[in-house]
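Engineer: Handing you this structure, nothing more for now.
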Amino acid sequence: MIRIVTLDPFEEKPLAKLKSTLYTAFGVGSEHSGSAEIPPGLGEPLDAEKLLDQVKGIRAYQDDKVLLLTSRKLKERELPSGVAPTPGFARQGKDRAVITLQPHKDLETSFKPVARHALHQLGHLWELHHCLDPRCSMYPPWTPSFNSGEPIFCTFCREKSEQKIRLAKS
Amino acid sequence: MPEGSASLNQLAVGDRVVYPNQGVCRVTAIDTKVVAGQSLVFVTMRREEDGAVVMVPEAKVVAIGVRKVANAEDVKSVFAFLRSDGDKADLDWKQRARTNLERMTQGGILGLAEVVKDLQILSELRPLPTKERELYDNARHLLVSEVAAALGTAEVNAEDAIDIVLFPPGRERPKRTAAEFARGEEDDLGLDGDLIGLDGDLDLPSDEEPPAEPAEEENSEEEGSEEESEEKSSDEDAPKKRGRPPKAKPAEAESAEPAAPKKRGRPPKPKPEAPPAGAEPAAPKKRGRPPKAKPPEAEGAEPAAPKKRGRPPKAKPADGGED
């Protein structure tokens, strides 16, 4: 199951639409599992890695994947090859991911790019790597055309994610 | 000897090594086992990703290409290579597959980077076939896990570090042409119908125009000779025509009407001849099973009793049998 946990207030209608988009993409049920508080001491922009480690109060089963949704900015990461824009973060094969609404204003008007980022980070939780197909949600998220695509996977990534989900269930 | 392969003297329990095509492993034991009456020294390694265990005989360690995990300097050279604009991949799929296999098994971390970069650039020319897409994914996964192990960072950060170089932020991937992949041959782009790796496996007709039919040769010879000379001069400049040549149209006679378009499908059923004037119109066809013929009745006979149906009643036993 995919559990959406909001760190800031969001409207129910776009959240319901996000749930059904995630279900269509992964074939796994999703629900809005309430909200959680941002740990104190994490100033803006938020450090995504620390946020995933320190946020508390989330109840989930072992197989569940948790998607944290926030409207605050995430800090860009300094990597050996350069600075990586961070619209979201997830550790490969683990159980928590975080995405931000920034630079968009609200979920309803910017639903498509936010849903695409959600699919991207959840894909990393199911061990998907970045894809070569610009239409796929696993395409690198800092490319200019990423925000204008549909929240879908290419055939290759879809099959891989289904395989991983099936293996996790068995 | 494969690039970076380690000798057994350098391996110790607890070392992190890379097993080609498998990923980062940790040496858990180096001990002697008896196999088929022979005493052999085995190096036992456990893959960090999923815990799979592999045992390799001492003599095979170098031949297989087991090597120590790359260090930070190697990772820097990988990033520099990924940034550079080097040779493009071979368009001949057989050659490319052979080269990539060699790079994956014996090329070290730089070999993995070469496979990833080559296939990523090739995907900018055309979508990768399934097998190559899987190879790309596999090489990418191995490269990411080795870079993460070398830098001591999370895999997601290693992957993003590699992708920032391959897909620079703020820039779209370029659309490439086959000419960029040419290997210095001016006349031949090296394609030769090999874009999909068929290499003459399909039995297609040659690119030359089929010879004209004999009945029409006299008519078309004069017209054709002028065209041929034009064709010859233009052929040298025009790119090679591919695929099946168009069907030769039959020559039309000067006064002939333009041919009617071909009719397709089943011809219509001929209608029956109309009956002569004054004759009664034909009765409509009767359909279905004809009624059963009634048996002939004798004169003065009573009408037959209706047929009895069902099981006949059981015969009652005789009264004398009762006590």
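Engineer: Can you name every residue in the range A:130-170 that is surrounded by fewer than 19 Cβ atoms within 10 Å (Cβ to Cβ), outside any helix (DSSP H, G or I) and not hydroxyl-bearing (Ser, Thr, Tyr)?
Structural biologist: A:133, A:134, A:135, A:144, A:149, A:150, A:152
Engineer: With A:89, A:156, A:146, A:111 as the choices, which residue is of a type in the set (Phe, Trp, Tyr) and touching a Phe, Trp or Tyr at 6+ places or on another chain (Cβ under 7 Å)?
Structural biologist: Result: A:146 is the single residue among A:89, A:156, A:146, A:111 that is of a type in the set (Phe, Trp, Tyr) and touching a Phe, Trp or Tyr at 6+ places or on another chain (Cβ under 7 Å).
Engineer: Within the range B:125-142, how many residues turn out to be more than 8 Å from chain A (Cβ to nearest Cβ) and out of contact with any Leu (no Cβ under 8 Å at 6 or more places or on another chain)?
Structural biologist: 5
Engineer: So which of B:185, B:114, B:180 ends up being modelled with pLDDT under 90 and not in a loop (DSSP other than H, G, I, E, B)?
Structural biologist: Every option except B:180 fails the conditions.
Engineer: Could you tell me whether residue A:39 is away from every other protein chain (no Cβ under 14 Å), touching a helix residue (DSSP H, G or I) at 6+ places or on another chain (Cβ under 9 Å) and modelled with pLDDT of 90 or more?
Structural biologist: Criteria not met by residue A:39.
Engineer: Looking at the range A:72-80, is at least one residue loosely packed, with under 12 Cβ neighbours inside 10 Å, more than 13 Å from the chain's Cα centre (by Cα) and within 27 Å of residue B:153 (Cα to Cα)?
Structural biologist: Checked the range A:72-80: at least one residue is loosely packed, with under 12 Cβ neighbours inside 10 Å, more than 13 Å from the chain's Cα centre (by Cα) and within 27 Å of residue B:153 (Cα to Cα).
Engineer: Name, by its number, the condition in (1) in contact with a Ser or Thr (Cβ under 9 Å, 6 or more places away or on another chain); (2) away from chain B (no Cβ under 14 Å) that does not hold for residue A:170.
Structural biologist: (1)
Engineer: Taking the range A:120-129 on its own, how many of its residues are surrounded by 24 or more Cβ atoms within 10 Å (Cβ to Cβ) and either more than 14 Å from every other protein chain (Cβ to nearest Cβ) or at positive phi (or both)?
Structural biologist: Qualifying residue count, the range A:120-129: 0.
Engineer: Filter the range B:149-168 down to residues that are more than 9 Å from every other protein chain (Cβ to nearest Cβ) and part of a helix (DSSP H, G or I) and give me whichever is farthest from residue A:96 (Cα to Cα).
Structural biologist: In this case the residue turns out to be B:150.
Engineer: Among the residues of the range B:65-99, count how many are crowded, with 18+ Cβ neighbours inside 10 Å and of a type in the set (Gly, Ala, Ser).
Structural biologist: 3
Engineer: Among the numbered criteria (1) exposed (fewer than 15 other Cβ atoms within 10 Å of the Cβ); (2) away from chain A (no Cβ under 12 Å), which single criterion is violated by residue B:171?
Structural biologist: It fails just one condition, (2).
Engineer: Quick check: is even one residue across the range A:34-53 touching an Asp or Glu at 6+ places or on another chain (Cβ under 8 Å), buried (at least 17 other Cβ atoms within 10 Å of the Cβ) and not small (Gly, Ala, Ser)?
Structural biologist: No, the conditions are met nowhere in the range A:34-53.
Engineer: Does the range A:62-84 hold any residues that are outside any strand (DSSP E or B) and either modelled with pLDDT under 90 or of a type in the set (A, V, I, L, M) (or both), and which are they?
Structural biologist: Scanning the range A:62-84 gives A:62, A:63, A:80, A:81.
Engineer: List every residue pair whose Cβ atoms lie under 8 Å apart, where the two residues are 6 or more positions apart in sequence or sit on different chains, the first residue falls within the range B:72-101 and is within 14 Å of another protein chain (Cβ to nearest Cβ) and under 22 Å from residue B:132 (Cα atoms), and the second residue, located anywhere, is aromatic (Phe, Trp, Tyr) and crowded, with 18+ Cβ neighbours inside 10 Å.
Structural biologist: B:89/B:181
Engineer: Would you check if there is a residue in the range B:121-142 being of a type in the set (Ser, Thr, Tyr), free of Cβ contacts under 8 Å to residues at least 24 places away in the same chain and assigned to a helix (DSSP H, G or I)?
Structural biologist: Yes.
Engineer: Something else: Out of (1) away from every other protein chain (no Cβ under 14 Å); (2) β-branched (Val, Ile, Thr); (3) touching a residue at least 24 places away in the same chain (Cβ under 8 Å), what's the single condition that is false for residue A:86?
Structural biologist: For residue A:86, the failing item is (1).
The values are calculated or read from the model by the stated rules, or taken from the named source; none is laboratory data. The structure presented is a predicted model; accordingly, all values stated were derived computationally and were not measured. All Cβ positions, even for glycine, are placed from backbone atoms using ideal geometry, and neighbour counts span all protein chains on display.
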